[in-house]
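Structure, as structure tokens:
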Amino acid sequence: MPILEVKNLSMHFGELAALEDINLAVEKGEILGLIGPNGAGKTTFFNCITGFLNATRGDIFYKEQNITRFGPHRVCKLGICRTFQIVQSFNEMTALENVMMGAFCRHHLTGDAREKAEEILKFTGLQDKKNQLAGGLTLADQKRIELARTIATEPDVVLLDEVMAGLNPTETEEAIGLIQKVHEKGLTIIVVEHVMEVIMKISHRIAVFDSGELIVDGPPEEVVQDERVIKAYLGEEYHAES
Amino acid sequence: MDLTIFLQLIISGLLIGFVFSLIAVGLSLIWGVMDILNFAHGEFLMLAMFTSFFLFAQLGIDPLYSLPIVVIVLYFIGAGTYRFVIKPLLGYTVLIALLATFGLSILIRNLVLFFVGPNYRVINESILAGKTFSIGGLYFSVPQSVAALLCILVTYGIYLLLTKSKFGRALRATSLDKDTAMLMGINTNRIFEITFGIGAACVGVAGGLLVNFYAVFPEVGLNFTVLAFVIVALGGFGNNGGAFLAGILVGLVTTMGGFFIGPEYKYTLVFLLYLVVITIRPKGLFGW
Amino acid sequence: MQSAKQFTSIFGGVLVLFLVAPLIIRDTQFQHLMIMLLLFTTLSQAWNLIGGFAGQVSLGHAMFFGIGAYAAMAPLNQWGLTPWIGMAIGGLVAMVAAVIVGYPVFRLKGHYFVISTFAVAEVVRELFSNWDWVDGPIGLDAPLVEQGWRNFMFYHTKLPYHYTLLIFFAVVMFVAFRMERSRMGYYFRAIKQRPEAAQAMGVNITLFKQYAFIISAFFTAICGSMYGLYVLHIEPSTVLSLDISIKIVLIAVLGGIGSLWGPLLGATILISLQEYSRIWLGGTGRGIDLIVLGALIVIICVYEPNGIVGLIKRFSRKKRKA
């Protein structure tokens with residue numbers, strides 16, 4: 001039984017079909033990579049699942065419960081949490097307080113939330129920056145904080161929207177390591193990423209979006225061979241290289 | 001219910017509605033481009049009315065002839081407000097600009113109160129004031145009709161300016177994305193200043209015409225500020241066409257409500273309408 | 001955020017100061033100033049909960065203030081009901097009013113909340129001005145009743161008002177302090193900074209804005225009751241006026257929005273300035289104090305958007321660097 005399942009999902013903005021009839025299931029413990037050119041509908045897909053957008057048609061099931069019309073906070077409480085494509089730190093809060101914001105989801109007392117947040121900060125390697133204001137940290141650190149506070153909500157499924165965009169190679173390596181560590185804790189991960197090497201390396205399965213449609217869904221090595229994918233997204237160059 | 005009375009009410013609702021529309025369009029313009037709530041909007045209107053009134057009372061210039069002067073004065077008041085109050089605050093949260101214009105409204109209102117006192121002033125004998133004409137048994141107030149007509153024309157002029165002119169294109173680009181507009185070589189600072197000036201000039205027109213049939217006093221702007229905000233929100237933010245239509249609607253509601261329920265409740269009715277509308281249509285009647 | 005220890009010591013100091021001041025200085029004008037100071041600090045702190053911490057600017061708090069004032073005065077006036085019950089009723093009605101105003105608008109983005117509060121307050125003022133039971137625009141005078149705690153009327157001393165307000169001030173300060181470091185306080189700040197990120201963290205932002213507004217409305221109404229019982233005369237054009245709404249916001253802005261000590265700092269400056277300018281400039285009736293207020297708001301906004309607290313922070317940061 002898949003932990004998250006999307007059936008016939010469509011999202012229209014007026015005339016524009018940002019998503020058209022998407023069917024996709026995610027198994028528990030899986031890392032699913034989402035790729036596709038800009039405007040293919042990946043972020044819209046995240047927004048629909050997490051309740052930031054109300055889908056025009058279709059249903060979303062989480063642990064067999066229909067969550068299609070649930071608001072973002074309810075989705076989070078149920079165990080699906082996300083990061084944002086453009087980093088959304090609470091700038092006027094410290095790193096610790098940012099992560100506490102996530103921990104408050106399951107721990108209502110400040111002391112408990114702080115304890116949980118300290119633990120997550122250690123896990124994500126941020127403990128020496130915990131008293132710095134998030135707004136003053138580097139992009140890499142801010143992205144890491146966002147991941148940390150996402151984990152702090154103790155989700156079963158995390159949706160990561162380009163957590164590696166804008167990072168240098170070393171930072172990217174660290175981020176990959178962190179995602180794998182998160183996965184080892186038993187979390188199911190859906191990750192949107194533009195860097196092909198990264199997505200190939202970490203994903204168990206890859207779904208390719210193009211112009212709002214899901215065109216291919218399969219293991220990484222099959223997906224890169226697929227004609228439609230090469231045409232839609234990877235382009236001749238990548239094909240030649242591989 | 002007498003049909004004539006009903007038609008008469010519709011006419012006066014429409015006539016005042018067009019004036020509301022122009023005031024709201026001026027506010028909507030500033031709002032749409034800068035995301036700033038100008039709380040001094042009603043005070044701008046009050047200043048326009050007083051400018052017109054004193055040009056008449058002191059120099060004997062009829063409000064109809066002094067209209068261009070009032071409009072120019074208000075343009076500079078608007079542009080000056082932008083330069084000295086709004087511009088320094090552009091990097092801060094919207095709240096600060098809102099409070100600043102709020103402070104400005106108190107300052108202007110009480111300065112005027114200090115210099116001219118709280119009395120109501122009325123112009124009785126201008127070219128337009130106090131005259132009526134009738135068509136088919138229905139009476140039309142001349143100053144209100146002229147005001148409505150001019151307000152429609154000015155609103156249409158602003159529509160043309162926004163859609164057809166080079167300035168309009170630059171303004172729309174700026175309101176969509178300020179940074180990109182700047183990269184494209186648009187002087188956004190200049191655009192903002194002109195927009196603020198035009199927004200104020202709109203109430204200049206409205207104020208210069210209102211003075212023919214509406215009493216002038218330092219607190220006259222207050223009700224208009226509330227109304228203008230509600231009208232813009234009703235129409236949908238930054239939607240000038242929506243503001244125009246909502247203005248007419250509010251004109252009808254105040255007139256009809258004032259007659260059938262009682263004049264003391266006309267603003268209550270407008271506000272109830274606003275609450276109902278945003279509950280059902282969160283982006284206003286004409287927003288999407 | 002200030003440490004708990006720091007807060008406790010400053011708080012203790014302030015309480016002691018207010019405790020002994022009216023006993024030492026018996027001048028009634030000064031005692032009046034202290035009462036106004038306590039009242040407006042408390043009011044502004046109540047506003048700070050929704051406007052400062054949660055970042056939802058209300059320009060209509062006069063409606064809660066007025067509701068509180070009328071709820072204490074009208075039943076006392078008409079039926080001789082003890083104002084303590086009236087006060088409780090006022091608090092409840094204000095909370096209901098907060099729900100009615102907040103429910104349709106808190107789901108929406110943008111300036112809808114500001115407009116709604118502003119406009120509803122004007123409507124409430126109009127309604128009271130047309131309500132015969134509370135004598136419309138003329139307003140209500142406190143009846144001549146037996147003085148004492150039952151009627152909360154004291155004709156020869158200001159001290160009971162002072163100490164009652166002091167207790168209330170302490171309660172509101174303590175609530176604000178506890179709230180700032182509770183889950184709710186964190187949620188308020190998150191809603192102010194990044195509403196969408198807060199939602200993703202499981203925060204029902206509509207609900208928490210509503211909480212902030214309800215609590216704020218309740219405290220504001222109690223302040224309104226106390227004010228009415230202290231000044232003995234209320235009317236729509238004072239207790240429900242835009243001036244009250246503005247003054248509450250201004251004090252918070254002047255002191256530093258969203259800061260625990262901002263209201264006290266702001267009130268100290270503004271209320272002293274206002275009371276003494278009233279005494280010195282006399283009753284010209286032409287609103288010189290409001291001219292000063294308006295100019296002050298513009299100047300603060302343009303030159304020091306972070307208020308006095310911001311100024312102090314900037315200054316101490318410079319000193320630390322040097």
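The values are calculated or read from the model by the stated rules, or taken from the named source; none is laboratory data. Not measured: the values here are computed from a predicted model. All Cβ positions, glycine included, derive from the backbone under ideal geometry; neighbour counts span all protein chains shown.
Scanning segment C:196-211 for residues that are in a helix (DSSP H, G or I) and either at the interface with chain A (Cβ under 7 Å from one of its Cβ atoms) or among the aliphatic types (A, V, I, L, M) (or both) returns C:E196, C:A197, C:A198, C:Q199, C:A200, C:I205, C:L207.
Somewhere in segment B:12-23, is a residue closer than 20 Å to C:S116 by Cα, among the hydrophobic types (A, V, I, L, M, F, W, C), in contact (Cβ under 8 Å) with a residue 40 or more places away in the chain and in a helix (DSSP H, G or I)? Within segment B:12-23, one or more residues are closer than 20 Å to C:S116 by Cα, among the hydrophobic types (A, V, I, L, M, F, W, C), in contact (Cβ under 8 Å) with a residue 40 or more places away in the chain and in a helix (DSSP H, G or I).
Against the list (1) more than 29 Å from B:N189 (Cβ to Cβ); (2) within 14 Å of chain C (Cβ to nearest Cβ); (3) free of Cβ contacts under 8 Å to residues at least 60 places away in the same chain, the condition B:V116 fails is (3).
Checked against the criterion of being without any contact (Cβ under 8 Å) to a residue 40 or more places away in the chain, within 13 Å of C:T41 (Cα to Cα) and not acidic (D, E), the candidates C:I299, C:I288, C:I269, C:I251 yield just one match: C:I269. Where helices (runs of 4 or more DSSP H) fall wholly inside segment A:27-140, the ranges with 1 or more residues that are within 18 Å of A:L160 (Cβ to Cβ), within 14 Å of chain C (Cβ to nearest Cβ) and small (G, A, S) are A:95-103.
Is one or more of the residues making up segment B:133-144 in contact (Cβ under 8 Å) with a residue 12 or more places away in the chain, more than 14 Å from chain C (Cβ to nearest Cβ) and within 18 Å of the chain's Cα centre (by Cα)? Scanning segment B:133-144 turns up at least one residue that is in contact (Cβ under 8 Å) with a residue 12 or more places away in the chain, more than 14 Å from chain C (Cβ to nearest Cβ) and within 18 Å of the chain's Cα centre (by Cα). Among the residues making up segment C:138-154, those that are in contact (Cβ under 8 Å) with a residue 12 or more places away in the chain and over 23 Å from the mean Cα position of the chain (by Cα) are C:I138, C:P143, C:V145, C:R150, C:N151. Inclusion of B:G78 among residues that are part of a loop (DSSP other than H, G, I, E, B), surrounded by 14 or more Cβ atoms within 10 Å (Cβ to Cβ) and away from chain C (no Cβ under 14 Å) is not warranted.
Restricting attention to segment C:263-288 and to residues that are modelled with pLDDT of 75 or more and within 14 Å of another protein chain (Cβ to nearest Cβ), the residue that is nearest to C:Y186 (Cα to Cα) turns out to be C:G266. Checked against the criteria, B:G60 does not count as within 10 Å of another protein chain (Cβ to nearest Cβ), farther than 15 Å from B:P218 by Cα and either surrounded by fewer than 22 Cβ atoms within 10 Å (Cβ to Cβ) or in contact with a strand residue (DSSP E or B) (Cβ under 7 Å, 6 or more places away or on another chain) (or both). The residue of segment B:174-228 that is surrounded by the most Cβ atoms within 10 Å (Cβ to Cβ), among those that are aromatic (F, W, Y) and outside any helix (DSSP H, G or I), is B:F213.
When C:I257 is tested against (1) within 13 Å of chain B (Cβ to nearest Cβ); (2) of a type outside the set (K, R); (3) more than 24 Å from C:S182 (Cβ to Cβ), just one condition goes unmet, and that condition is (3).
Inspect all residues belonging to segment A:162-177 and state whether any of them is without any contact (Cβ under 8 Å) to a residue 60 or more places away in the chain and touching a His at 6+ places or on another chain (Cβ under 9 Å). Yes; the residues of segment A:162-177 include at least one that is without any contact (Cβ under 8 Å) to a residue 60 or more places away in the chain and touching a His at 6+ places or on another chain (Cβ under 9 Å).
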